[in-house]
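These notes concern the structure reproduced below.
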Amino acid sequence: MNDTPRVAPKSPSEALKPVAPPAPPPKVRRRRRSPFLSMLSGLFTVALVGAGVVGAGIAIVSNQSKAPGPLAGDRVLIIPKESGLTEIAELLQREGLIEHPLSFRVSAIMGGDWHKLQAGEYLFKARVSPQEILDIISSGKVVEHSITVPEGLTSEQIVARLRDNELLTGEVAQVPKEGSILPDTYRFPRGFSRQAIIDRMARDQRVVLGRIWERRPADLPIKTPAELVVLASIVEKETGRADERPRVAGVFINRLNQKMKLQSDPTIVYGLVGGKGTLGRPIQRNEITQATPYNTYVISGLPPGPIANPGRAAMEAVVNHSRTKDLYFVADGSGGHAFAESLDQHNRNVGRWRQIETTRGQQQGGKPSTESVDKVEPPPSPDNRTEAPATTQPAADGAGVPVAQPAGALAGTRARAFDASEGTARDPLLNKSFDLNSPKQVPQLKP
């Protein structure tokens, strides 16, 4: 059954009449928007925009920091002490290492390196990027310099070398005890303390000496590490040739075992001038027998202390000395020495050395040789004493720098001793024309 009510039909006139519009629906009352939500919405929008800007900025800074810089060639630059990030950035720009100081500062802050930047001297390669510059400065990889201290120098001479080095700073509190520091090549940054170098040398000497002393043979006539340094200093001053050090040490060991005086000319010089190391003139005859605590022509056994600072090789030579019967040695004119077991054999070597000296004097037109500096002129003829004075001879170190390196003993003569005229125009015995170990090189002896 259909319940829909039936609509009565309207007349034509009624159907043409306009129908009144329905009443508007009732207005719905809207809730008022919270100001807090509006603020959040605005902040969110700003944050999105800001994030986009920051992201773009980060991308630009990152690209600039990793891009090769404008530096055309390698450059050493000193970052002054107490320089802040801004000062460093401006310095780098002035020196042509970076183009954008602001980008450099932002990169340092973003990477957390801004508080790690250290003063010092740095080497920057060509086209180094800002990020690489930051890495170098923040890591403290400063340029290292070196100073070489030759073996055989006295402590006073070593301290003088340190004072002459303008890259070092500060004063040495006290000249170290003779023989207490180890000659070597030491690396250091600009502005390093001179006293710190001395302390490092002393520490290395203690370590090296301790290791060498542990390996000494049981029959070594040296009773303490201090005595080892004393003998090593004499060996150091007697020869600069590495292959001769053990044999020269063996001569002195044999003399100690036989209760013979060492008679080493460098000990004469040290007894006269001490730490100054050089006379700058020939040794006078009355100085040979002049009583000093160090003159081994007068005293028996070892002197009371070292006469120089020996190197590692000289100390090794004492504990690993050659097992020979040699008691004498004399310079052979070629930078080395002629060794002898007997006095007769040694006197023959001395005669040959004297002839070499005569030949050299003739070649120089009778003018005195610079080799006479810190030496004793030999007498006109040998005597027959059972102990022979020493002579010395210099050589150059491995880098070609003249280093005081004396040589051995002369039977019946006091043939020119050498102390430490290293690095001067008086550095003697550089002529290598003769070799006493080669008959073809030995000049004929005149009757």
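What net charge do the residues around Arg194 carry, taking every other residue with its C-beta under 12 Å from that of Arg194, with Lys and Arg at +1 and Asp and Glu at -1? Provide the component values of the computation, followed by the final result.
On the way: positive: Arg161, Arg163, Arg200; negative: Asp164, Glu166, Glu171, Asp199.
Neighbourhood net charge equals -1.
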Subject >> Förster-model FRET efficiency, 51 Å R0, Gln345 and Glu82, C-beta, rounded to 0.05 >> reply: 0.15
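Work out the FRET efficiency for Gln284 and Arg360 from their Cβ-Cβ distance, taking R0 = 25 Å, and round it to the nearest 0.05.
On the way: r = 22 Å, r/R0 = 0.87.
Efficiency for this residue pair is about 0.70.
Could you work out the local net charge near Pro225, counting Lys and Arg as +1, Asp and Glu as -1, over the other residues with Cβ closer than 13 Å to its Cβ? Spell out each step's value before the answer.
Numbers: positive: Arg206, Arg211, Arg215, Arg216, Lys223; negative: Glu214, Glu227.
Computed value for this residue: +3.
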Original post:
Which net charge results when you count Lys and Arg as +1 and Asp and Glu as -1 among the other residues whose beta-carbon is under 12 Å from that of Glu121?
Top reply: +3
Subject >> Within region 82-103: backbone nitrogen closer than 13 Å to the Leu123 label point (7 Å, Cα to C-beta) >> reply: none
Subject >> Listed residue pairs exceeding 22 Å between alpha carbons, taken from Lys177/Lys259; Lys177/Lys276; Lys177/Lys261; Lys81/Lys141; Lys223/Lys261 >> reply: Lys177/Lys259; Lys177/Lys261
**OP:** Would you mind telling me the share, in percent, of accessible area of region 58-161 contributed by carbon and sulfur at probe 1.4 angstrom?
**Re:** 52 percent
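The values are calculated or read from the model by the stated rules, or taken from the named source; none is laboratory data. Predicted model, so just to flag it, every value in this text is computed and none were measured. Positions of Cβ are backbone-derived with ideal geometry, glycine not excepted, and every protein chain shown enters the neighbour counts. Note: accessible area is taken over every heavy atom of the protein model, side chains too, but ligands, DNA and RNA are not part of it. Shrake-Rupley method; radii C 1.70, N 1.55, O 1.52, S 1.80 Å.
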